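The values are calculated or read from the model by the stated rules, or taken from the named source; none is laboratory data. Predicted model, so just to flag it, every value in this text is computed and none were measured. Positions of Cβ are generated from backbone atoms using ideal geometry, with glycine treated the same way; all protein chains shown enter the neighbour counts. Heavy atoms of the whole protein, side chains included, go into the accessibility calculation; ligands, DNA and RNA do not. Shrake-Rupley method; radii C 1.70, N 1.55, O 1.52, S 1.80 Å.
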Amino acid sequence: MEYILKVVVALKEGIFDPQGEGIRKTLVDMGFLQAKSVRMQKHAEILLEAASMEDALRTGLLITEKVLVNPVLETYSYTLEQKEGSDR
Amino acid sequence: MRFGVVVFPGSDEREIIDGLKESLGEDVGYIWHRDESFSGYDAVILPGGSSFGHYLRPGALASHSPVMEKVVEFAKKGGPVLGISNGFQILLEKGFFPGTFLPNESLQYRCGLSRLEVVRKDTPFTALYEEGEEITLPLAQRYGRYSVSAKDLEILENNRQIVLRYKKNLDGSTGAIAGLVNENGNVFGIMARPERAIQGILGGTDGRKIFLSLKGGLK
């Protein structure tokens, strides 16, 4: 069966985000003075083949923690759903 | 002795090979990052550059390349491993060093010379320098800011793992750390590019002693 894992990887609070700050400055230049802060995040979407939701979750968490996330700087959140029409 | 240079997509191995072969007359071989084994090398070098385009994080994807398990094994057996710039990042991602690399504090790509102090000379990589010696090496990096917790910094200092420090810490590295060895002292990460300071015609020769120290130690 197929499962879709969606992971959002974000910098921990307080860690400086140069990309976000660069964007914010551009927004200010453009007149968007209401934009007080910009933080950019990484969103990964992974299609997993697994025998069960538990199996997919186990693999998904391993992938997330071993590869996608730098635990020194980042935190993450995720959703895991069975892909529609993949019961075969 | 025979140097093995690991090549990832995006690696800058050219200057290491040229510098070692043409300038120092050394025997050098390539190790492709997908090779699961290699043999016949006395020292392994992870080059600078942008392996995998710095995708995900600098060095992150390269640290999972098949060859890295063999590099770990080589290091466990005491083999000397030199990680230059992106190579340093790859070694850190693989777990040889604590901490992380952040964008330079200036947020600029730093391309220029840096003055470093040799803090520790009893390593296979710095044996030919003097303790306290000041050397000049080129930098070429955007994510050169080494950052480590106070707790890990204390461990690094107690273990004498800090080998090089910046005289002027332009990019905000914790403790002005410019080069580290692992606890065993046989794996060395350096953010500057010693291979660009082998041939005098390119501006300096202070990098030669890193490669010559390695050679001397294995004779």
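Observations, loosely collected:
- Elements of type helices (runs of 4 or more DSSP H) in the range B:9-106, at least 1 residues being among the charged types (D, E, K, R), within 14 Å of chain A (Cβ to nearest Cβ) and surrounded by fewer than 20 Cβ atoms within 10 Å (Cβ to Cβ): B:67-76
- When A:THR79 is tested against (1) under 30 Å from B:VAL148 (Cβ atoms); (2) away from chain B (no Cβ under 14 Å), just one condition goes unmet, and that condition is (1).
- Residue in the range B:118-138 that is within 14 Å of another protein chain (Cβ to nearest Cβ) and either touching a residue at least 12 places away in the same chain (Cβ under 8 Å) or not acidic (Asp, Glu) (or both) present: no
- If you go through the range B:107-131 and keep only what is open to solvent by 40 Å² or more (accessible area, probe 1.4 Å) and either within 26 Å of B:ASN184 (Cβ to Cβ) or in a loop (DSSP other than H, G, I, E, B) (or both), you end up with B:LEU107, B:GLN108, B:TYR109, B:GLU117, B:VAL119, B:LYS121, B:ASP122, B:PRO124, B:ALA127, B:LEU128, B:GLU130, B:GLU131.
- Among the residues of the range B:196-208, those that are open to solvent by 70 Å² or more (accessible area, probe 1.4 Å) and closer than 18 Å to B:GLY48 by Cα comprise B:LEU202, B:ARG208.
- Residue count for the range A:7-44, restricted to those that are exposed (fewer than 13 other Cβ atoms within 10 Å of the Cβ) and in contact (Cβ under 8 Å) with a residue 60 or more places away in the chain: 1.
- Within the range A:59-77, residues that are under 15 Å from B:GLU93 (Cα atoms) sit with their Cβ atoms under 8 Å from residues that are of a type in the set (Lys, Arg), at 6+ positions apart or across chains, in these pairs: A:LEU68/A:LYS42; A:ASN70/B:ARG57; A:LEU73/A:LYS12; A:GLU74/A:LYS12.
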